[in-house]
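For reference, the structure discussed in these notes is given below.
The values are calculated or read from the model by the stated rules, or taken from the named source; none is laboratory data. Keep in mind it's a predicted model, so treat the numbers as computed, not measured. In this analysis, Cβ positions are derived from the backbone assuming ideal geometry, glycine residues included, and neighbour counts consider all displayed protein chains. The area values use the complete protein model at the heavy-atom level, side chains included, leaving out ligands, DNA and RNA. Shrake-Rupley method; radii C 1.70, N 1.55, O 1.52, S 1.80 Å.
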Amino acid sequence: MNLVHNLVHNLVHRQAPCYVIGDIQGCCDQLEQLLALIEQQAAGAKILFAGDLVNRGPKSLETLRLVKAMGSRADTVLGNHDLHLLAVANGIRPAHHSDTLEAILQAPDREELLEWLRQRPLAILEQGHLLVHAGLFPQWSIANALSLAQELEQILHGPDWITLLTEMYGNTPDRWNDSLQGSDRWRCIINALTRMRYCSEDGQMDFASKDGMADAPPGFMPWFDVPGRKSAHHAVAFGHWSTLGLVLRPDLISLDTGCVWGGKLTAVSLSDRSIIQLDCPQQQSPKKTK
């Protein structure tokens, strides 16, 4: 009986397969191939995306349709390119010369896709990992980050979402303060969750540098290496930082391995940290997007 009990206990409490995937940026062909590889390893696994489903790659429309069609099996956090798409689609921001969003904007199912995208979260807690697109302020615990993400999600899902998109652009304030209100508060939260790479020891964000860890600007460091970071005892998974590449630490999964730049598309299992990667053709040159 003890053996049977233990087998049943292990089956009930075993974590279901769940993979997190780095930035797709419209590289739908590679996404389809990676999903097929995951299916071979863990049929029916849950799939979470680290944001930036769209832009710069050749098939942003097809990527949105594919992820949406996965239904409850998949979800994604919003990245800066996803928010940019919503802003461009609503006339808040002009398209950038390197954008590849026109097919979405002209699609017959445009409004359905954009509405689905708008309803996506900014943070997801899954199997002991917090998934965000970019980073967290050192002052934020995991509970703080989830609460602040949900605060913005309520606005984005509600009647004032256009105002939020209009006010989200800009680099200030560049430090978190609990007393921030209105558009300053919104912008600061969004910038941390979707744009942050480097910050100072006292939590000032830097938006100028996109280089890897070896080339940190003076006085700054990767947000996850700030001493005393309140989220340090909890695993955080994120994308956004292609020059950082794949990093696996007990407290960290960095997922953006530069698919659109000719790098790799990466999936990591949350249960055992196993890796599935796919080589990708170059779709964009970094020099052309500056």
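Descriptive notes on the structure:
- Between region 207-221 and region 131-161, the alpha-carbon center distance in angstrom: 24 Å
- Contact order relative to length of the chain, as percent, for alpha carbon pairs under 8 angstrom and 6 or more apart: 21 percent
- Leu252 versus Gln119: modelled label distance in nm, points set 7 Å from Cα along the beta carbon direction: 3.6 nm
- Solvent-accessible surface of region 18-279, taken per residue with a 1.4 Å probe and all protein chains present: 39 Å².
- If you plug the beta carbon distance of Arg273 and Gln40 into 1/(1 + (r/R0)^6) with R0 = 22 Å, you get a FRET efficiency near 0.75.
- Added length on full extension, which subtracts the Cα-Cα distance from 0.36 nm per residue, Ser183 to Asn90: 31.6 nm
- Using θ = phi - 60° in the Karplus curve 6.51 cos²θ - 1.76 cosθ + 1.60, the 3J(HN,Hα) couplings for region 216-231 round to 5, x, x, x, 10, 8, x, 4, 7, 9, 5, x, x, 3, 5, 9 Hz; x is entered for Gly and Pro.
- Considering only the chain, percent of DSSP beta bridges that pair antiparallel, nearest 5: 60 percent
- Cα-centred dipole magnitude for the chain, charges only on beta-carbon of K, R (+1) and D, E (-1), debye, nearest 20: 280 debye
- Taking 22 Å as the limit for the C-alpha separation, the pairs Lys68/Lys230; Lys46/Lys68; Lys210/Lys230 exceed it in the case of Lys68/Lys230; Lys210/Lys230.
- Taking amide H as placed 1.01 Å from N in the peptide plane, the amide H of Ala235 sits under 5 Å from that of Leu130, each at least 5 places away or on another chain.
- Label-to-label distance, nm, for residues given as Asp29 and Asp109 (7 Å Cα→Cβ offset): 2.1 nm
- Nearest-0.05 FRET efficiency for His97 and Ser285, computed from C-beta distance (R0 22 Å): 0.95
- Distant-in-sequence amide contacts of Thr76, defined by a placed amide H-H separation under 5 Å and a gap of 5 or more residues or a different chain, comprise Phe49.
- Note on the chain: dipole from Cβ charges, positive end direction compared against Pro159, Asn191, Gln25; the farthest Cα belongs to Gln25.
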